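The structure under discussion appears below in the form of structure tokens.
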Amino acid sequence: MKKFAFLTATILLMASLIYGVGPPTVNLGVASNYVVLASTGVSTTGTTSVIGNIGISPAAGTYLTGFGLIIDESGTFATSSLVTGRVYAADYTVPTPAILSAAIGDMTIAYNDAAGRLNPDYTELYAGDLTGQTLIPGLYKWSSGVSIGAGGLTVSGGPNDIWVFQIAQNLTVADGAIVTLVGGAQPQNIFWQVAGLATLGTTAQFKGIILSQTLISMNTSATINGRLLAQTAVTLEGSSVVQPGGSTGVDEDVVYPVNIGSSMESNYPNPFNPSTSIKFDIVKGERGILMIYNEKGQTVLQQRFESGEHNFEWVNDGLPSGIYIVRLRTNSEIFTKKMSLIK
């Protein structure tokens, strides 16, 4: 019996190490190409260090402040002495606007996915005060804010385990607080979904991916190994941001996944009024989401499709004239086209 119990425990441990435990991961889509991604602005003061790409949309490059940007001759990105990677803005040269629009869309989808997870493993744990606690893999939910005091927090689990934290209000990390990972836990597998403000205090050391519906703020000498993905703005004050997974982002362009079988044609007619047809094919075994954005990056349509050939007719329902972006995202690929609505 003891041998059987030992064998069972060994098998479970090996399965945990290989497959991981906890909820399914949160798919960031092309938002994963950025270590800092925001909609309205990214600003810095002091000697900030960012390892990875920065993106902003629908706001223009003028809302990237404090970086001393140098626009590349291609016009598609900029560089900065503070950034080991590239900086992208919605008003840079094509195809950057469409790529950023897709990234912002994926960031929103990821936030909604994390916020909408049901059946949490832990609810209102420690009344939201995680100071000095150790958290194992799982789905956690708080209807209030969450705080981490100077005593810090330990996240314990294997390299393939997943943590999703649903926070209905603010995330506040105190000055000097340290989030420590043990057991091989990886920052790219820790998702902090924050409906309110996310504030990292002076000299705090944080781990994980912050998906914020509002502002993310890092104070002086705060550091994060993870990503800052904000639906409003990100502010940095002599802070350090390092993207997880070991990649440095040096001279890495932002690209879509390699095409492996699905496809999407340009809409017809284009320009159009009042309707246009969008033909696409989703390879067998996959599903897709068709999304349409306006020039400000706001979603005007989102619809799911199963595998197969589709001829979707989009009928304008009172929207103004202008350029619209249609994006098809399948399990493995992303396609983006421009459409022009005229009246």
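The values are calculated or read from the model by the stated rules, or taken from the named source; none is laboratory data. Predicted model only: the values in this text are computed from it and were never measured. Methodologically, a virtual Cβ is constructed for each residue, glycine included, from the backbone with ideal geometry; neighbour enumeration extends over all protein chains shown.
So if I check each of VAL94, VAL87, which one is β-branched (Val, Ile, Thr) and part of a loop (DSSP other than H, G, I, E, B)? Let's see the steps before the verdict.
On the way: VAL87 fails: part of a loop (DSSP other than H, G, I, E, B).
Testing whether each residue is β-branched (Val, Ile, Thr) and part of a loop (DSSP other than H, G, I, E, B) leaves just VAL94.
Looking at ALA98, ALA60, ALA78, which is the one that is among the aliphatic types (A, V, I, L, M), within 24 Å of THR223 (Cα to Cα) and surrounded by fewer than 24 Cβ atoms within 10 Å (Cβ to Cβ)? So that I can check it myself, show each step before the final result.
Numbers: ALA98 fails: within 24 Å of THR223 (Cα to Cα); ALA60 fails: within 24 Å of THR223 (Cα to Cα).
That would be ALA78, the only listed residue that is among the aliphatic types (A, V, I, L, M), within 24 Å of THR223 (Cα to Cα) and surrounded by fewer than 24 Cβ atoms within 10 Å (Cβ to Cβ).
I'd like the full set of residues that are touching a helix residue (DSSP H, G or I) at 6+ places or on another chain (Cβ under 8 Å) and either of a type in the set (Phe, Trp, Tyr) or modelled with pLDDT of 90 or more (or both), limited to segment 88-104. Please lay out each step first, then the result.
Start the filter on segment 88-104 by keeping residues that are touching a helix residue (DSSP H, G or I) at 6+ places or on another chain (Cβ under 8 Å), which leaves 88-92, 99, 102-104.
Scanning segment 88-104 gives TYR88, ALA89, ALA90, ASP91, TYR92, ALA103, ILE104.
With (1) crowded, with 24+ Cβ neighbours inside 10 Å; (2) touching a Gly at 6+ places or on another chain (Cβ under 8 Å); (3) not small (Gly, Ala, Ser) as the list, and THR203 as the residue in question, which single condition is left unmet?
Single failed check for THR203: (1).
Could you check how many residues of segment 113-132 are part of a helix (DSSP H, G or I), closer than 13 Å to SER143 by Cβ and not hydrophobic (A, V, I, L, M, F, W, C)? If you could, list the steps in order and put the result at the bottom.
Looking only at segment 113-132, we keep the residues that are part of a helix (DSSP H, G or I), and these are 113-116, 125-128.
Filter again for closer than 13 Å to SER143 by Cβ, leaving 115, 125, 127-128.
Now narrow it down to the ones that are not hydrophobic (A, V, I, L, M, F, W, C): 128.
Of the residues in segment 113-132, 1 are part of a helix (DSSP H, G or I), closer than 13 Å to SER143 by Cβ and not hydrophobic (A, V, I, L, M, F, W, C).
What are the residues in segment 288-310 that are in contact with a Gly (Cβ under 8 Å, 6 or more places away or on another chain) and in a strand (DSSP E or B), if any?
MET291, TYR293, THR299, ARG304, PHE305
In this structure, is VAL21 at pLDDT 90 or above and surrounded by fewer than 20 Cβ atoms within 10 Å (Cβ to Cβ)?
yes
In segment 204-256, which strands (runs of 3 or more DSSP E) lie fully inside it and hold 2 or more residues that are out of contact with any Asp or Glu (no Cβ under 9 Å at 6 or more places or on another chain) and modelled with pLDDT of 95 or more?
Values: elements: 205-212, 216-218, 223-230, 233-237, 240-242.
Result: 205-212, 223-230, 233-237, 240-242.
With respect to LYS279, is the statement that it is part of a strand (DSSP E or B), at pLDDT below 90 and not assigned by TED's automatic domain parsing to the domain that holds ASN53 true?
Details: part of a strand (DSSP E or B): yes; at pLDDT below 90: no; not assigned by TED's automatic domain parsing to the domain that holds ASN53: yes.
Spelling it out, it is not the case that LYS279 is part of a strand (DSSP E or B), at pLDDT below 90 and not assigned by TED's automatic domain parsing to the domain that holds ASN53.
Could you list all residues from segment 284-343 that are charged (D, E, K, R) and closer than 19 Å to ALA98 by Cβ? Please lay out each step first, then the result.
As a first pass, look at segment 284-343 and keep what is charged (D, E, K, R): 284, 286-287, 295-296, 304, 306, 309, 313, 317, 327, 329, 333, 337-338, 343.
Hits for segment 284-343 are GLU295, LYS296, ARG327, ARG329, GLU333, LYS337, LYS338.
Test ALA168 against the criterion of being surrounded by fewer than 18 Cβ atoms within 10 Å (Cβ to Cβ), in contact (Cβ under 8 Å) with a residue 12 or more places away in the chain, of a type in the set (A, V, I, L, M, F, W, C) and closer than 24 Å to GLY116 by Cβ, and give yes or no. Spell out how you get there, then give the answer.
Values: surrounded by fewer than 18 Cβ atoms within 10 Å (Cβ to Cβ): yes; in contact (Cβ under 8 Å) with a residue 12 or more places away in the chain: yes; of a type in the set (A, V, I, L, M, F, W, C): yes; closer than 24 Å to GLY116 by Cβ: yes.
Answer is yes for this residue.
Checking TYR126 against (1) touching a Lys or Arg at 6+ places or on another chain (Cβ under 9 Å); (2) modelled with pLDDT of 95 or more; (3) not β-branched (Val, Ile, Thr), only one condition comes out false. Which one?
For TYR126, the failing item is (1).
What is the residue count in segment 274-291 for residues that are farther than 11 Å from ASN331 by Cα and buried (at least 20 other Cβ atoms within 10 Å of the Cβ)?
Residues in segment 274-291 being farther than 11 Å from ASN331 by Cα and buried (at least 20 other Cβ atoms within 10 Å of the Cβ): 5 in total.
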